[in-house]
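*Asks:* My questions all concern the structure below.
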Amino acid sequence: MFMLDLFGWWYGSGWAGVLASTKKRLEGLAEAFSTKILLQTLFSPWRRVITYPGASIDAKLRAIGDNLVSRCVGFTVRFFVLLAAAISFVFLCVAGVVELIIWPLVPLIAIALIVKGLI
């Protein structure tokens, strides 16, 4: 009876649990990389480094240049962090799919190895 319950769990709620844990890992990864915040602030200045323009034309042009450089640096850093997040997401999705494919095969592999060992 125990083996039937075990197989019932393995191919039922156990398999659903693997799917739920994969989803939870993806959500945790999104939280770790703060992807929502990074996307919202993609074109924001780096570390809020903002130069305020002065009264002269030279000061205004310098402020525009400084602010443009700060936004470019902010975009570049955030872009590469988002790229690392995307690569991590793809890796985690592939690992989750492999886990979902292998999950139902594990009991069969164990039985096959026992039979092979007896032969």
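*Asks:* Is it possible to state the helix-based mean residue ellipticity at 222 nm for the chain, with each DSSP H run of 4+ residues giving -39500 (n - 2.57), the sum divided by total residues, to the nearest 500 deg cm²/dmol? What is it?
*Replies:* Details: 5 runs with 96 residues, N = 119.
One gets -27500 deg cm²/dmol as the mean residue ellipticity at 222 nm.
*Asks:* Further question on the same structure: Looking at the chain, do any whole DSSP H helices span at least 24 angstrom along their long axis by alpha carbon and average 0.5 or above on Kyte-Doolittle, and which?
*Replies:* Result, helices passing both filters: 57-102.
*Asks:* While we're here: In percent, what relative contact order does the chain have, based on Cα pairs under 8 Å that are 6 or more apart in sequence? It would help to have the intermediate numbers written out before the result.
*Replies:* Values: 73 pairs, mean separation 38.0, N = 119.
Here the relative contact order equals 32 percent.
*Asks:* In whole Å and largest first, what semi-axes does the C-alpha gyration tensor of the chain yield when each eigenvalue is scaled by 5 and square-rooted?
*Replies:* On the way: eigenvalues 636, 36, 8 Å².
Value: 56, 13, 6 Å, ordered largest first.
*Asks:* Here's another thing I want to ask about it. Separation between the Leu38 and Leu118 pseudo-spin-labels, each 7 Å from Cα along Cα→Cβ, expressed in nm?
*Replies:* 5.3 nm
*Asks:* What's the center-to-center distance, using Cα atoms, between segment 42-57 and segment 84-119 in Å?
*Replies:* Using only Cα atoms, the two centres lie 52 Å from each other.
Here, each number is a calculation from the coordinates, and none is a lab measurement. Predicted model, so just to flag it, every value in this text is computed and none were measured. A quick note on method: Cβ atoms are made from the backbone with ideal geometry, for glycine too, and the neighbour counts reach across all protein chains shown.
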